[in-house]
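To start, the structure under review is shown below, and the notes come after it.
The values are calculated or read from the model by the stated rules, or taken from the named source; none is laboratory data. The model shown is predicted, which means the values in this text are computed figures rather than measured ones. Because the Cβ atoms are built from the backbone with ideal geometry, glycine has one as well, and the counts that use them run over all protein chains shown. Ligands, DNA and RNA are excluded from the accessible area calculation, which covers all protein heavy atoms including side chains. Shrake-Rupley method; radii C 1.70, N 1.55, O 1.52, S 1.80 Å.
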Amino acid sequence: NAGVMQNPRHLVRRRGQEARLRCSPMKGHSHVYWYRQLPEEGLKFMVYLQKENIIDESGMPKERFSAEFPKEGPSILRIQQVVRGDSAAYFCASSPRGILNYGYTFGSGTRLTVV
Amino acid sequence: SQQGEEDPQALSIQEGENATMNCSYKTSINNLQWYRQNSGRGLVHLILIRSNEREKHSGRLRVTLDTSKKSSSLLITASRAADTASYFCATDALQGGSEKLVFGKGMKLTVNP
């Protein structure tokens, strides 16, 4: 079981470009969560998805950010027209069901640097 | 918004000593979880304690939960240099219409050999 796979590990984008972050959950996990972590900070919730559905995007900025979890393939977090303030580590986590009785399994993250 | 807040924010101890980290939270919970993050890596789930449990053990880890005080503690006994990491508490929070984990800012533990 490969765990939660995120790629790329590091991503450098110039201001105004698009960033695409991918997350493949653990096998059998249908719940995916995206978090953002700034240096020396905790994790801030962004979005919660199940297959083909966005359950909760209350933590995601209204503009430039979008997420999807298609029926086939990984979950994608997309940031359009990146700005320096988007530089952060983005973590994806998955769980087999809701979190009531389960912990999350995290990926190793994607470190986005906007130059 | 932050739900859990760890205390202290940083702790430095010698190998073999015990390390205690505290977490306070604000709203009612179903469970509280502790995670570890090594520098530059993802978070690793350590232990989950349900709201109807008071204490839980896993190897050298002991977690307590006091729902009346809305607080939890994580004790690492006989610490090792490899325990050096940041530790986060997380609570399930019903916000924005869904249940998800809300993390504290974390506590940096340094275990000196």
Would you mind telling me the share, in percent, of accessible area of chain A contributed by carbon and sulfur at probe 1.4 angstrom? 46 percent
In Å, the C-alpha Rg and Dmax of the protein assembly as shown are 17.5, 51
Rounded to 5, the percent of DSSP beta bridges in chain B classed as antiparallel: 90 percent
If R₀ is 45 angstrom, what is the calculated FRET efficiency for the pair A:K51 and B:A81, using the beta carbon separation as r and rounding to 0.05? 0.60
If you project the alpha carbons of chain A onto the principal axes, what extent comes out on each, in Å, largest first? 39, 26, 23
Placing unit charges on C-beta atoms (Lys and Arg positive, Asp and Glu negative, everything else neutral), compute the dipole magnitude of the stretch A:1-49 about its Cα centre in debye, rounded to 20. 240 debye
Translational diffusion coefficient of chain B at 25 °C, 0.890 mPa s, Stokes-Einstein with Kirkwood Rh over Cα pairs, in µm²/s as a whole number. 174 µm²/s
Within the under-12-Å Cβ sphere about B:A85, not counting B:A85, Lys/Arg +1 and Asp/Glu -1 give a net charge of +3
Residues of the protein assembly as shown: accessible area per residue at 1.4 Å, in Å²? 48 Å²
Rounded, prolate or oblate: which fits the stretch A:53-115 when a ≥ b ≥ c are the square roots of the eigenvalues of the alpha-carbon gyration tensor, with rounded for a/c under 1.5 and prolate only if a/b beats b/c? prolate
Cross-link reach from B:K70 to aspartates and glutamates, straight Cα distance under 15 Å and at least 8 residues apart if same chain, gives B:E5, B:E6, B:D7, B:E53, B:E55, B:D92
Relative to the compact globular guide of 2.2 N^0.38 Å, what is the alpha carbon radius of gyration of the stretch B:1-52, as a ratio? 1.32
In a Gaussian network model of chain A with springs linking alpha carbons closer than 10 Å, the residue among A:S66, A:S94, A:S75 that fluctuates most is A:S66
Protein-protein interface of the stretch B:64-109, residues with accessible area decrease of at least 10 Å², isolated chain reference, 1.4 Å probe: B:F88, B:G96, B:S98, B:E99, B:K100, B:L101, B:F103, B:K105, B:K108
Considering Cα pairs under 8 angstrom that are at least six residues apart, work out the relative contact order of chain A and quote it in whole percent. 37 percent
Work from the charge dipole of chain A (Cβ charges, +1 for Lys and Arg, -1 for Asp and Glu, about the Cα centre) and give the residue of A:S87, A:V115, A:Y33 farthest towards its positive end. A:V115
Computed over the stretch B:49-113, the distribution of all Cα-Cα distances in 10 Å bins, rounded to whole %, is 18, 43, 31, 8, 1
Cα-centred dipole magnitude for chain A, charges only on beta-carbon of K, R (+1) and D, E (-1), debye, nearest 20: 340 debye
Using the Cα centre as the reference, give the magnitude of the dipole from point charges on the C-beta atoms of the protein assembly as shown (Lys, Arg: +1; Asp, Glu: -1; all else neutral), rounded to the nearest 20 debye. 540 debye
Counting just the Cα atoms, what span does the stretch A:1-59 cover along each of its three principal axes? Round to the nearest Å and put the largest first. 36, 27, 25
Could you state the number of Å between the C-alpha centres of the stretch A:58-111 and the stretch B:67-84? 28 Å
At R0 = 22 Å, how high is the FRET efficiency between A:M5 and B:E99 if r is their beta carbon distance? Nearest 0.05 is fine. 0.35
